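Undergrad: Could you have a look at this structure, given as structure tokens, before my questions?
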Amino acid sequence: MTYAGKAGALLSDLVEHLRYHTSLSNAETELAICTSARAANSDYIWNAHTRLGLQEGTREEALHAVDTHAPL
């Protein structure tokens, strides 16, 4: 995004809106991020956001189900 000029700025605005200005609670937002991270096999994002999710009140059982691809 650093080299994308206006497009990068618009994308950054979109990311901020989707993360901070939705009807989801913080716990739900973190669970959604964790779900995306696990689906993309992004261990760095997974590790960072599972901690944030737990701090925000995301249930451990939900994170475990996402982590192990268990039935929801």
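The values are calculated or read from the model by the stated rules, or taken from the named source; none is laboratory data. Source: prediction; values computed, not measured. Side chains included, ligands, DNA and RNA excluded: accessible areas come from the protein's heavy atoms. Shrake-Rupley method; radii C 1.70, N 1.55, O 1.52, S 1.80 Å.
Undergrad: Which whole-number value in Å² is the accessible area per residue of the chain, probe 1.4 Å?
TA: That works out to 75 Å² per residue.
Undergrad: Turning to a different aspect of this structure: Taking square-rooted eigenvalues a ≥ b ≥ c of the alpha carbon gyration tensor, is segment 30-69 rounded, prolate or oblate, where a/c under 1.5 means rounded and, failing that, a/b exceeding b/c means prolate?
TA: It comes out oblate by the Cα gyration axes.
Undergrad: Using a 1.4 Å probe on the protein chains only, how many percent of the accessible area of the chain belongs to carbon and sulfur?
TA: 57
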